[in-house]
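S.K.: Attaching a single structure in C-alpha cells format; questions to follow.
The values are calculated or read from the model by the stated rules, or taken from the named source; none is laboratory data. No experiment lies behind these values; they were computed from the predicted model shown. Because the Cβ atoms are built from the backbone with ideal geometry, glycine has one as well, and the counts that use them run over all protein chains shown. These accessible areas exclude ligands, DNA and RNA; they are computed on the full protein's heavy atoms, side chains included. Shrake-Rupley method; radii C 1.70, N 1.55, O 1.52, S 1.80 Å.
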Amino acid sequence: MKFSDSIEPNVSPEIIAQSKKIKAQGIPTVLPITLNELLLTLSIKQPLSILEIGTAVGLSGSAMLLTCK
C-alpha cells in the first residue's frame, strides 16, 4: 500500500467504508491524504458553517459533516 492510498485514523470508519465503495466503482474522489488534511484543518478551526461545492458523490462533504458535529 502506498502512503497516499492510506487513510489516517482521524477519518471515521463510515467514511473509510464509503471511500472504498466509491473507489471500487471507479468514481474519482478526494485523495485520502487530502481528506485527512482537510479534516485536520476543520478540527483545528471549528468553523460554524461550510460551503462545499463538490464534483463527485459527496464524500468530502460527508466527512466534513461528521468531523464538525
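S.K.: Along its principal axes, what span do the Cα atoms of the chain show, with the longest given first and each in whole Å?
M.R.: 33, 23, 17
S.K.: Turning to a different aspect of this structure: Compute the long axis of helix 32-45 from its Cα atoms, compare it with the longest principal axis of the Cα atoms of the chain, and write down the angle in degrees, 0 to 90, nearest 10.
M.R.: The two axes meet at around 10 degrees.
S.K.: Continuing with the same structure: Accessible area per residue for the chain in Å², computed with a 1.4 Å probe and the full protein assembly in place, what is it?
M.R.: Computed with neighbouring chains in place, this is 73 Å² per residue.
S.K.: Quick one: ranking Lys23, Lys45 by accessible area, 1.4 Å probe, largest first, what do you get? Could you put the intermediate results ahead of the total?
M.R.: Values: Lys23 115, Lys45 150 Å².
From most accessible down to least: Lys45, Lys23.
S.K.: Considering only Gln18, Ile33, Leu65, whose Cα is most displaced toward the positive end of the charge dipole of the chain, charges sitting on Cβ of Lys, Arg (+1) and Asp, Glu (-1)?
M.R.: So the residue we want is Gln18.
S.K.: Please give the contour-minus-distance gain from Ile44 to Lys23: 0.36 nm per residue of separation, less the Cα-Cα distance, rounded to one decimal in nm.
M.R.: The span from Ile44 to Lys23 would gain 4.8 nm if fully extended.
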